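S.K.: Quick one: this structure, given as structure tokens, is what I'll be asking you about.
The values are calculated or read from the model by the stated rules, or taken from the named source; none is laboratory data. Keep in mind it's a predicted model, so treat the numbers as computed, not measured. No Cβ is skipped: glycine too gets one built from the backbone with ideal geometry, and neighbour counts run over all protein chains shown. The accessibility values were calculated without ligands, DNA or RNA, using every heavy atom of the protein model including side chains. Shrake-Rupley method; radii C 1.70, N 1.55, O 1.52, S 1.80 Å.
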Amino acid sequence: MYKISTRGQYALLIMEDLAMGDGGKCIPLKTLSHRHNLSVKYLEQILIQLGKAGLVTGSRGICGGYRLTKKPQDYTIGEILRAMEGELAPLSTFENNTVFSEGSRFFWNDFKSTINDYVDSVHLNDLTEKNQAFVGYDYCI
């Protein structure tokens, strides 16, 4: 069964963080690294890949950092995960696999379509709205 890698999971987390940022201002790499307890080097690799996909942009200098290239509602979770993972499929290639019957092949194709339809129906702002709904539930004893 296909699993989303930790890089894909962290990419989604970082995109959420950038979406919740202050009006499109750049968030420094070190700030993102500290917030998510990730090494700067590992986070930089993720952000470079997101940048190559056109999902984030970075700038250098005193006010440098990373920000989204478009509004959170214009990103689907599917495009973010595909930028990191490639094609989202429950199995690697099964089109030419002789192990599957025609019925199995239809099942796996439908399953793949269901996964892709779902991740393409959820937008980045949907996640940030759910996160903001939980603000205030934190408490310490």
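S.K.: Probe 1.4 Å, all protein chains in place: accessible area of E129 in Å², nearest 10?
M.R.: For E129, the solvent-accessible surface is approximately 110 Å².
S.K.: Calculate for the chain the 222 nm mean residue ellipticity that helices alone would give, adding -39,500 (n - 2.57) per DSSP H run of length 4 or more and normalising by residue count, nearest 500 deg cm²/dmol.
M.R.: Helix contribution divided over all residues of the chain: -16500 deg cm²/dmol.
S.K.: Which FRET efficiency, nearest 0.05, do F106 and M20 yield, Cβ-Cβ r, R0 35 Å?
M.R.: In this case the efficiency is close to 0.30.
S.K.: Can you tell me, using C-alpha contacts under 8 Å and at least 6 residues apart, the relative contact order of the chain as a whole percent?
M.R.: Across the chain, relative contact order equals 29 percent.
S.K.: How far apart, in nm, are the 7 Å Cα→Cβ label points at E44 and T69?
M.R.: Using points 7 Å along Cα→Cβ, the separation is 2.1 nm.
S.K.: What number comes out for accessible area per residue over the chain if the probe is 1.4 Å? Units Å², please.
M.R.: Per residue, the chain has an accessible area of 65 Å².
S.K.: Output wanted: per-residue J couplings in Hz (rounded whole) for the stretch 8-16, from phi through Karplus 6.51 cos²θ - 1.76 cosθ + 1.60, θ = phi - 60°, x for Gly and Pro.
M.R.: So the Karplus estimates, Gly and Pro as x, are x, 5, 5, 4, 5, 4, 5, 4, 4 Hz.
S.K.: Shifting gears a bit: Per the Cauchy relation, a quarter of the hull surface: what is the mean projected area of the convex hull of the alpha carbons in the chain, in nm²?
M.R.: Reported value for the Cα convex hull: 11.3 nm².
S.K.: Grab the other residues whose beta carbon is less than 13 angstrom from that of L38, score K and R as +1, D and E as -1, and report the net.
M.R.: +2
S.K.: If you plug each phi of the stretch 26-37 into the Karplus form 6.51 cos²θ - 1.76 cosθ + 1.60 with θ = phi - 60°, what whole-Hz ³J(HN,Hα) values come out, in order, with x for Gly and Pro?
M.R.: Running phi through 6.51 cos²θ - 1.76 cosθ + 1.60 with θ = phi - 60° gives 6, 10, x, 4, 5, 5, 4, 4, 5, 4, 10, 6 Hz.
S.K.: Here is a further query. Tilt of helix 40-52 relative to the longest C-alpha principal axis of the chain, in degrees (0 to 90, nearest 10)?
M.R.: 60
S.K.: I want to check a number: in the chain, how many lysine pairs have alpha carbons closer than 15 Å, given a sequence separation of 8 or more or different chains?
M.R.: So the count of such lysine pairs works out to 5.
S.K.: What dipole magnitude, in Debye to the nearest 20, does the chain give about its Cα centre under +1 on Lys/Arg Cβ and -1 on Asp/Glu Cβ?
M.R.: Here the size comes out at about 660 debye.
S.K.: Residue by residue, what Karplus-based ³J(HN,Hα) values in Hz, rounded to whole numbers, does the stretch 110-116 have, using 6.51, -1.76 and 1.60 with θ = phi - 60° and x for Gly and Pro?
M.R.: Here the 3J(HN,Hα) series is 5, 4, 4, 4, 4, 4, 5 Hz.
S.K.: For the stretch 14-84, build the convex hull from the C-alpha positions and give me its volume per residue in Å³.
M.R.: Measuring per residue, one finds 82 Å³ for the Cα hull of the stretch 14-84.
S.K.: Now for a different question. Got a number for carbon plus sulfur as a percent of the stretch 16-122's accessible area, 1.4 Å probe?
M.R.: 53
S.K.: If you stretched the chain out fully between K30 and K3, how much longer would it get, using 0.36 nm times the residue separation minus the C-alpha to C-alpha distance?
M.R.: 6.9 nm
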